[in-house]
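Report on one structure; see the data block that follows.
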Amino acid sequence: MNFLSKQCPTFSRLGLWLWNSPTFTTWGNYGVQSLRLILVTPLILTRFDESEIAAWYLFASLNFFGATLSQRLAVTFSRMFAFAMGGASNLAPIKGKRDKENDGKPNWAAFERAYGTIGSLNLGIGWLNVLVALAMGWFGLSNILSGYEAKGVIWLAFALMQASTLLGIIFQRYMIALQGMNYIALTNRWGIIFSLLSVAAGSMTLWLGGGIVALVLVMQFLAIAGVFCNRFLLKKVENGRVMRFRQYGFDREVFDWAWEPSWKGIVLHIADLGVIQIGVIIFTSIGGVTDVASYLFSVQIVRSLTAPCNAPLYSAMPFLGRLMASGEVSKLAKIYIRRSMVSQLLLSICLCLLLFGGNKILGIIGAQTSFISREYMLLLVGVYMHAWFINYTGSITTLGNNLVLVSRSVVSSVISILLLYPLTIHYSILGLVIATWGPRILILNVGYVSYASKTLNLDRSAYVFPMYLVTFLSSVFMMVFYFL
């Protein structure tokens, strides 16, 4: 490093900045994880028989219950840890201005209370998930394996998968603590390493003729190794203070602080995702095969672009939560709006390229399907950008674990569900897109803007203008370019 610094200081500084950048390392994590789809999936589809393929993809679905609960709690407690790092003794959702406590220095007493509580909660969720998965697996796998000779092999793979999932949920507190302390780049770097090892080992196992048990052993071993790597990292940061804390405990006040954002987050997640899934099911039952395939493919690709585009904003969430807890609202507003604009710009660019070049790329590679027509695609990307403008706006209150407008979100989802069948059967994809995202855009936009501008101590127009600028200009550009 010293040699590089002397020979090329600019390159050295750039490399160091990228190495410690939460956004860049988050993109690296997404990129490596996509290799699983490119390298492992084709081998699974060609080396496994139909029963093994069905079982492999069923395994993840059987853990939906535990994954939903543990992920929601992870988000909630990560923000609570961020509050504690900002000096807060009260880790309840932030619904108003907070005065700086402890000169903004970490409040380790509050941190320990939350750390022991999430340890106990994850322990309970892990074992509860095993019971639920076993019950679901008994029915799901029994049907798949009816008449299958090597049933024992599949059940062994299932047992190994559940054991590794149990360990992952129980010891998830290491990752949650690191994220709450804003060690995002550190965890991302090691996540990239273990993801690369997992993809390489999984691909090699399948290439050499390994079966489903061997694949589970190799890939889940590395997943668990990644979990305990986080334990090692937690010993190295902040002088290893957190690992000396009580690992399990139950603080009723901490639980009460976490309860509201957790149940609201689960409701919002189900309401948002449920509408899309119900719309897909309805269109699958009444649409033509070609139209259904094109729509499913288009929606999947559009949604898959969201996570990497959100990295500039979402990778900074622990730091932003710390600013909110310490009362540094002015600094918070500047960083939040700037990063939101960057995320919106990236999403707009990706969707624009998809709109005008997607089918051309599919034609070049000889794909067996295509995106929906350009007219419908223009509508899809337009409403999707506006839906995500609402998400960016609503995210500011979630920094403080204050999830608002839950009832409105549920109402918009109910209206969408009621509209899905009649609009889809009469107007096909046009009605499907409008019913899926239209009510959410119409019902939630003004409400979230009001909460966001109030949270950031900004006039509503001063908040809306920079936040909506990218989405508005991108929509206008797409429409003008389309009709030229």
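Answer with yes or no whether Glu253 is exposed (fewer than 14 other Cβ atoms within 10 Å of the Cβ) and in a helix (DSSP H, G or I). Lay out the reasoning, then the answer.
Numbers: exposed (fewer than 14 other Cβ atoms within 10 Å of the Cβ): yes; in a helix (DSSP H, G or I): yes.
Answer is yes for this residue.
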- Query: How do the pairs read when you match residues in the stretch 156-171 that are of a type outside the set (D, E, K, R) with residues anywhere that are outside any helix (DSSP H, G or I) and surrounded by fewer than 19 Cβ atoms within 10 Å (Cβ to Cβ), using Cβ under 6 Å and keeping only pairs 6 or more apart or on different chains?
  - Reply: none
- Answer residue from the stretch 356-377, given it is modelled with pLDDT of 90 or more and surrounded by 20 or more Cβ atoms within 10 Å (Cβ to Cβ) and is farthest from Gln344 (Cα to Cα) among those: Ile372
- Task: Only helices (runs of 4 or more DSSP H) wholly contained in the stretch 367-484 count here; list those with 1 or more residues that are without any contact (Cβ under 8 Å) to a residue 12 or more places away in the chain, out of contact with any Asp or Glu (no Cβ under 8 Å at 6 or more places or on another chain) and within 30 Å of Phe81 (Cβ to Cβ).
- Result: 374-398, 406-455
- Would the stretch 125-143 turn up any residue that is at negative phi, assigned to a loop (DSSP other than H, G, I, E, B) and within 24 Å of the chain's Cα centre (by Cα)? no
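Considering only the stretch 55-73, I want to know if a residue exists there that is among the basic types (Lys, Arg), closer than 22 Å to Leu178 by Cα and modelled with pLDDT of 80 or more.
Kept after step one, since they are among the basic types (Lys, Arg), are these residues of the stretch 55-73: 72.
Narrowing further to those that are closer than 22 Å to Leu178 by Cα: 72.
Checking which are modelled with pLDDT of 80 or more leaves us with 72.
Among the residues of the stretch 55-73, at least one is among the basic types (Lys, Arg), closer than 22 Å to Leu178 by Cα and modelled with pLDDT of 80 or more, which makes the answer yes.
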- If you check Leu423 against the conditions, is it surrounded by 15 or more Cβ atoms within 10 Å (Cβ to Cβ) and modelled with pLDDT under 95? no
- Only unsatisfied item for Met467, checking (1) under 17 Å from Cys309 (Cβ atoms); (2) surrounded by fewer than 20 Cβ atoms within 10 Å (Cβ to Cβ), is (2)
- Query: Hey, any hits in the stretch 128-141 for a residue that's under 17 Å from Val254 (Cα atoms), touching a helix residue (DSSP H, G or I) at 6+ places or on another chain (Cβ under 8 Å) and surrounded by fewer than 19 Cβ atoms within 10 Å (Cβ to Cβ)?
  - Reply: no
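The values are calculated or read from the model by the stated rules, or taken from the named source; none is laboratory data. Since the structure is predicted, the reported quantities are computational estimates derived from the model, not experimental observations. FYI the Cβ positions are ideal-geometry reconstructions off the backbone, even for glycines, and counts take in every protein chain you see.
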